[in-house]
């Protein structure tokens, strides 16, 4: 194990990178491959909606396609964590990207359940690619900041593709425009993967040739991951029904689309704010600041407000959403300083993103979708209670340690 590959082992207590600091080009490559892998998360309405309009997919299959892909992303990240050591990163990135490209190009000829199956396989490849970006983020001295930068980069790319596909590509390629774009992007990600470092240093408790999760993680980390799961169930469960809520509130399709777009746009601003403040504000304080905003949005939308108010509520949700989600990595790292659990966070987020809309779907009907607000609110409160429980537990542990330190010398002198 050479000093050239590993300069430090452990929990990054010195505030520097774990292992050799990646170059600027390598960091850009990590962000690029991960952002391209997650393009579909922001263009699903464009890509799958086009298939519905073309008669290649029905509404029920559309919902299953979204759910299956998010679940597969989570599974892909989890399998990579469990099976792959942090080496041969270029080969892994290139293979996963080319597999993703092949799946997207193959989808040009499928319809119905074939689309659902294709999105499931695509999600596995996307998860493996996102895992690569996570390796870099958890080894940085400020993972919250890099999480925020990653969120901004993927959101900007998603917005560009969501706007560009209908205008530039759909006129010539029709319903296949989305899959061609995704396939071309995956090829680009394969090229970017060649700029990745060959390997990264192990995290605390791991050897260089072991998968990251070769050693167990603390029990507190499972609680923090459960809080992340429920928080993303709230985020995406709410967002999935925002357009239907707009319709029930009397907004036109254009106004409903504006509400969704503004929520996504404000989430970019929130992520930027989170990236700036990630190392300065504790997670429990950030959550306590965001919770009233989220509850205000849920209660405001429950009364089916006028269009201007509805759009303002959507924007507020996006701002708080973007801010709080940048702090998920530091939150999990606080429960597991070895940072191994933080590598599971993207997998948990993806499963939560799939589970939220699914849970909400049991409490909505064709004419009444406000049940989604209740379910999303319940997920929010469970996440908040879990996060606060962890914080109170740490406060008690610190108090007990301080008391033991104070009483220790006195006891030793008796």
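Observations
- The residues of the stretch 354-383 that are free of Cβ contacts under 8 Å to residues at least 60 places away in the same chain and either over 25 Å from residue 120 (Cα atoms) or within 20 Å of the chain's Cα centre (by Cα) (or both), listed by number, are 363, 365, 366, 371, 374, 378, 381.
- Elements of type helices (runs of 4 or more DSSP H) contained in the stretch 1-103, each with 3 or more residues being modelled with pLDDT under 85 and either in the same structural domain as residue 119 (by TED's automatic domain parsing) or closer than 17 Å to residue 132 by Cβ (or both): 39-53, 59-83
- Count of the stretch 254-264 residues which are in contact with a helix residue (DSSP H, G or I) (Cβ under 9 Å, 6 or more places away or on another chain) and surrounded by fewer than 16 Cβ atoms within 10 Å (Cβ to Cβ): 1
- Residues of the stretch 214-248 satisfying the condition of being under 22 Å from residue 67 (Cβ atoms) and at pLDDT 90 or above: 225, 226, 227, 228, 229, 230, 231, 232, 233, 234
The values are calculated or read from the model by the stated rules, or taken from the named source; none is laboratory data. Keep in mind that what you see is a predicted model, and the values were worked out from it rather than measured. Please note: Cβ atoms are built from the backbone with ideal geometry, for glycine as well, and neighbour counts cover all protein chains shown.
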